[in-house]
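Novice: First, the structure itself, so that you have it in front of you.
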Amino acid sequence: MLETARGLCSDGKDVVVGFLETHGRKKTEELSRGFEFIERKKLSYASTTLEEMDLDAILERKPELVLVDELAHTNAPGSRHPKRYMDVEEILNAGIDVFTTLNVQHFESRIDIVKNLSGVEIKESVPDSILDLADQVELIDLPPDELLARLEKGEIYPKEKVERSLQGFFKRGTLTALRELSLRLTAEKVDREVMSAVQNRDLPQKAKTRDRLLVAIGPSPSAIELLRWTRNKAFNLEAPWVAAYVDTGVQLDVEDKRLLDENIELAKHLGAEIITISNPSVAQALIGLAREKHVSEIVMGRPQMTFFHKLIAPESPVDVLFKEKEHFTISIVTTEKMKRPTLWQLLRQRFRSKPGEYLFSFANVIFTTALLLLLQSIIGYRGVGLVYLVAVLYQSLITGRGPIYFAAFLSAMFWNYFFIPPRFTFHVNEREDIIHLVLFLVMASVLGSLANQIRASEQAYKEREKRATFLFGVARIFSERNALSEILSTLAELLKESMNLETSFYIRGPDSTYSFRSEGKSDISTKELSVALWSLNNTRLAGRGTETLPHSEGIYFPLFSGNEAFGIIGFYTQEKRIDFSTKSLLEAVSKQLALFLEKQNYFSMRSKTRAFEESTKLQKALFSSISHELKTPLTAIMGAAQTLAESKMPVNSADHQAIVHEILASGTRLTHVVDQLLDMSRLESGKVIAKREWVSLEEVLGLVLGRYESKFENRKIEIKGIAELPLLLADFSLIADVIRNVLLNALQYSGTNGIIQIQGQQNAEEVVLEFLDEGPGIKQDFSEKLFERFSREYPSIPGGLGLGLSICSGFMDAMHGKIEAANRTDGKSGFAVRLSFKKEATS
């Protein structure tokens, strides 16, 4: 590592040493000279001072490459991460390259193999997934004899440690096996790169089957070895694998919950898909999951059982799986930690309950016995057994299996002692009474156990229902609400009611800045905020119950979808540990919120894109108008003015009048273009507000025709029914602009001699003003685009920006009116526009 880094330094690369342990080796110390070292961080622990790699100093220095020795090292208490490989992951996330060293025995999946080879317990490990982060792996491989020679020379350890080392790893056979192990591990890495090349079509595609493995885990130490075994096989088969935990409804104590969480976290580290199922039958749950996931092989562990073990324990899930005729393989893995339990351990596991439940069981039998002593003369001593049976069944609704068996046995003893003749002895005279007593004991135990199983199934069903109800409530919040502030407050209320959690949010806004929002947790400390920001910047889970700053008050989930982070969500609870079930629910909430934020971001980006497209379209139209609609009349005005300035023609001459007319016409055209742009600007800004005043359409039409008399002086315009129309409450200037634009549109498209007809009529609820011309008509595929901005049906006809009808539509919307367009109904080609107004009552 040092030699390679020195070569890169010579090439000008910025390299620093983050952490290096020389172990007193002279050659290592010589190679390390000349490098820039990051000063180690000093931590106080148990009256001693420990030195660790200073992660923050490296991130602040931000070199191109950092050297980190001993990747599997466990950090001192008080560090940000418990493991050094997690520090390296954060350095990589910051965009800094890392060279690091790692021994083969420290890979999580190889720990058990190494222990069997060497007899040495490996206490420090890294997940196998860390190898997938490496862009390049260099194997340092030496023959065992050469390595032993280096050891004896003191090049590896000091002389005093050589003898002890020779009794551990440094045996020729052990070194040979470890060498094979390292070669295989490197080969797996290379094989994965080959498969990646196949997927990228850099190599020819080859046909292969697709396997999928399923391993059953639980709160057992043996699950660790099962997970490692499954991961190794899945890696060799290049197959995905699933780790499943079946919740049978049995209540787990604190230690079992801790062990289960650790096993699930290990499965995550090893790259498994985690699934939890609630089902009283482990075997049936695994069979259903195997069918659903198309599993080819189920991996399970089973200790060897004696006859007495089988007598006490029910049929194991492995036995049930072997009886099923399914198309999957069952692999049984026997591990060192899966030793055969003692009878006492099996009895304790099967009948374990809280001491209070046994106390309740004893009190229940005592109370029932006292009651029966009063009723004995009425029901007889044989009827007493039925009452005891009812009492045991009642108790099965409250306590576990152990107290039920205890109550059944105690009831049988009390029935025999207090009621069966001869009373107050355990002797039984009648054979029938002995049979009744035995049958009672069997029936009470069986019925009580069955009732207890039903209760456990009911509890599991309630837990599933509670979980489903919570998730449905979360989904409902996101489906029924659109405002982010309302969603966050409602979501916080649901979390408080359902899970007694306080919540805080740190959400990215539209301007890419983050805003903090707390729901119920108002005293967020600076330390907690720094944990949250770390989670955001690294897009990783952090806080309580995680591997990063586990002693924080809250647990923080980054809100990210794809490769984009939208914020974080923090949850705060008084519980010391957050179990996997709760963590999975919180993860579901964070994913829902991240998806909502991603959707909001998508709509925001789409709106910006549309605005940009419209802006680009407007910009092009403006350039077009400047080059044609503005430049043409300006050129005409300039030319006419220059002619007037240079000529000495009489003022009243025909040529003089023609030039003046040209100037006026060009000025009018220029004014029309500017008016259209201003009107569209008003519509876009939302500043068009219609006034309500009494308006005469005849007066409006006369004003428009008078203002544009020069344009219509050579055209025939027929006006019908306008004088008979009533006064309307509307906006005079807006109606005038609408009529002006429609008339100018008709003038432009109806040729030089076409007749323009304006007709007015009144019906029960509206007044209609029709404009009919003899233009080419509306194309069928263009009717929907007619009122869009910058839309021109016949671009070859000169003049116009394509804004007139769009402005008319906007003005009519402001007056709660309507404008329509259609071809003429008499078979001639033409263009018709309808203006509709609500009729106002007049007094």
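The values are calculated or read from the model by the stated rules, or taken from the named source; none is laboratory data. None of these values were measured; they are calculated from a predicted model. In this analysis, Cβ positions are derived from the backbone assuming ideal geometry, glycine residues included, and neighbour counts consider all displayed protein chains. These area figures cover heavy atoms from the full protein model, side chains too; ligands, DNA and RNA do not enter into them. Shrake-Rupley method; radii C 1.70, N 1.55, O 1.52, S 1.80 Å.
Novice: So how much slack lies between Glu255 and Thr526, counting 0.36 nm per residue of separation and subtracting their Cα-Cα distance, in nm?
Specialist: That pair, Glu255 and Thr526, stretches by 94.3 nm at full extension.
Novice: Rank-order 633-643, 279-289 by packing density, defined as the average count of other C-beta atoms within 10 Å over each peptide's residues, highest first.
Specialist: My ranking of the peptides, most packed first, is 279-289, 633-643.
Novice: Let me ask something else. What whole-number value in Å² describes the accessible area per residue of the stretch 345-473 for a 1.4 Å probe?
Specialist: 59
Novice: Let me ask something else about it. To the nearest 10 Å², what's Leu131's accessible area with a 1.4 Å probe?
Specialist: Accessible surface of Leu131 is approximately 30 Å².
Novice: Next up: Estimate the FRET efficiency between Lys123 and Thr329 by the formula 1/(1 + (r/R0)^6), using the beta-carbon distance for r and 30 Å for R0, to the nearest 0.05.
Specialist: About 0.30, to the nearest 0.05.
Novice: Suppose R0 equals 30 Å; then what is the FRET efficiency for Ile398 and Glu497 from their Cβ-Cβ distance, rounded to the nearest 0.05?
Specialist: Result of the calculation: an efficiency of 0.65.
Novice: Would you mind checking which residues have amide H under 5 Å from Phe566's amide H? H placed 1.01 Å from N; only 5 or more apart, or other chain.
Specialist: Leu559, Phe560, Ser561
Novice: Skipping prolines and chain starts, which residues have an amide H placed within reach, meaning under 5 Å, of the one on Ile719, given they are 5 or more residues away or on another chain?
Specialist: For Ile719, the qualifying residues are Ile758.
Novice: Moving on to the next point. How much net charge surrounds Glu458 when only other residues with a Cβ under 12 Å from its Cβ are counted (Lys, Arg +1; Asp, Glu -1)?
Specialist: +1
Novice: So for the pair Leu371, Arg150, with labels modelled 7 Å out along Cα→Cβ, what separation do we get in nm?
Specialist: My value for the distance between the label points is 8.0 nm.
Novice: Would you mind counting up the charge near Phe732? Only other residues with Cβ under 13 Å from its Cβ, with Lys and Arg at +1 and Asp and Glu at -1.
Specialist: -2
Novice: Arrange the residues Asp247, Asp731, Asp655, Asp135 by how much accessible surface each exposes, largest first, with a 1.4 angstrom probe.
Specialist: Working: Asp247 50, Asp731 5, Asp655 105, Asp135 150 Å².
These residues rank, largest area first, as Asp135, Asp655, Asp247, Asp731.
Novice: A further question follows. Between beta-carbons, use under 9 Å as the cut-off and find the net charge around Thr74, counting Lys and Arg +1, Asp and Glu -1.
Specialist: +2
Novice: Which of the peptides 547-557, 811-821 is most tightly packed, and how do the rest follow, going by the mean number of other Cβ atoms within 10 Å of each residue?
Specialist: Answer by packing, highest mean first, reads 547-557, 811-821.
Novice: Which distance in nm do the two modelled labels at Thr668 and Glu188 give, with both placed 7 Å along the Cα-to-Cβ direction?
Specialist: 8.8
Novice: If you don't mind, there's one more thing I want to ask. May I ask you to rank Tyr157, Tyr388 by accessible area, largest first, using a 1.4 Å probe over the protein chains only?
Specialist: Sorted by accessible area, descending: Tyr157, Tyr388.
Novice: So how much slack lies between Asn537 and Tyr461, counting 0.36 nm per residue of separation and subtracting their Cα-Cα distance, in nm?
Specialist: 23.4 nm
Novice: Here's a follow-up. What is the spin-label model distance, in nm, from Glu587 to Phe603 if the labels are put 7 Å beyond Cα along the C-beta direction?
Specialist: Result: 2.9 nm between the two label points.
Novice: Would you please give the residues with an amide H less than 5 Å from that of Thr248, counting only those at least 5 places away or on a separate chain, with H modeled from the backbone geometry?
Specialist: Hits under the 5 Å cutoff: Asn279.
Novice: Now for a different question. Want the number for Ile689 to Thr276: 0.36 nm per residue separation, take away the alpha-carbon distance, what's left?
Specialist: Working it through step by step, the gained length comes to 142.6 nm.
Novice: At 1.4 Å probe size, put Lys268, Lys591, Lys13 in order of accessible surface, largest to smallest.
Specialist: Highest to lowest solvent-accessible surface, that is Lys591, Lys268, Lys13.
Novice: Quick one: of Lys496/Lys527; Lys62/Lys583; Lys115/Lys583; Lys268/Lys323, which pairs are farther than 29 Å apart, Cα to Cα?
Specialist: Beyond 29 Å: Lys62/Lys583; Lys115/Lys583; Lys268/Lys323.
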